[in-house]
Amino acid sequence: RLFDLDPDLLPLFQYNCKQFASPQECLSAPEFLDHIRKVMLVIDAAVSHLENLSCLEEYLCNLGKKHQAVGVKVESFSTVGESLLYMLEKCLGTAFSPDVREAWSKLYGAVVKAMRRGWETLPEG
């Protein structure tokens, strides 16, 4: 879904200097699947620390810095969020109520807000 929404994101996913020719090639690459697992670990950490997301603040800020360093634009996180909600809707079916959608949107928004601080902090020196 991510590459359907924004095909320009495909070049950001390069591993060992290899450019993928198509979204399908990227989606089947072990490195991309590992990246998806890492994304889901961040989501899992956010859910696990729902009552105290501030404890993840420094980690998420640094994660934002890493994404900025490889050329990710802050705006791309909207597309990722839309893809996440799409996936949840497909997996949960009728259980994906408007309240569930709103809760996931708020959680994802809090994660992105913390990651955005990585773009806002200036390098030392």
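Of all residues in the stretch 55-67, which are open to solvent by 80 Å² or more (accessible area, probe 1.4 Å) and either closer than 16 Å to Val80 by Cβ or out of contact with any Ser or Thr (no Cβ under 9 Å at 6 or more places or on another chain) (or both)? Quick ask: steps written out before the conclusion?
Step one: of the stretch 55-67, the residues open to solvent by 80 Å² or more (accessible area, probe 1.4 Å) are 58-59, 65-66.
Correct list: Glu58, Tyr59, Lys66.
Which one of these is assigned to a loop (DSSP other than H, G, I, E, B) and on the phi > 0 side of the Ramachandran plot: Gly93, Gly71? I'd like the intermediate steps shown before the answer.
Working: Gly93 fails: assigned to a loop (DSSP other than H, G, I, E, B).
Selected residue: Gly71, the only one of Gly93, Gly71 that is assigned to a loop (DSSP other than H, G, I, E, B) and on the phi > 0 side of the Ramachandran plot.
Listed here are the residues, each with its yes/no results for (1) open to solvent by 60 Å² or more (accessible area, probe 1.4 Å); (2) out of contact with any helix residue (DSSP H, G or I) (no Cβ under 6 Å at 6 or more places or on another chain).
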residue: Arg1; (1), (2): yes, no
residue: Asp4; (1), (2): yes, yes
residue: Pro7; (1), (2): yes, yes
residue: Phe13; (1), (2): no, no
residue: Asn16; (1), (2): yes, yes
residue: Leu27; (1), (2): yes, yes
residue: Leu33; (1), (2): yes, yes
residue: Ile36; (1), (2): yes, yes
residue: Val39; (1), (2): no, yes
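So, in the stretch 1-26, of the ones that are within 15 Å of the chain's Cα centre (by Cα) and among the aliphatic types (A, V, I, L, M), which residue ends up farthest from Met87 (Cα to Cα)?
So the first thing to find is which residues in the stretch 1-26 are within 15 Å of the chain's Cα centre (by Cα), and the list is 1-3, 5-6, 9-10, 12-13.
Pick out the ones that are also among the aliphatic types (A, V, I, L, M) and you get 2, 5, 9-10, 12.
Numbers: Leu2: 10, Leu5: 13, Leu9: 18, Leu10: 19, Leu12: 21 Å.
Step by step, filter the stretch 1-26, then rank; the result is Leu12.
Consider Ser97 carefully, then state whether it is of a type in the set (Ser, Thr, Tyr) and at pLDDT below 95. Let's see the steps before the verdict.
Details: of a type in the set (Ser, Thr, Tyr): yes; at pLDDT below 95: no.
So Ser97 does not fit the description; no.
The values are calculated or read from the model by the stated rules, or taken from the named source; none is laboratory data. Please read these numbers as outputs of a predicted model, since none were measured by experiment. Ideal geometry is used to build each Cβ from the backbone, glycine not excepted, and the neighbour counts take in all protein chains shown. The protein model used for the area step is the full one, side chains on, heavy atoms only, and it has no ligands, DNA or RNA in it. Shrake-Rupley method; radii C 1.70, N 1.55, O 1.52, S 1.80 Å.
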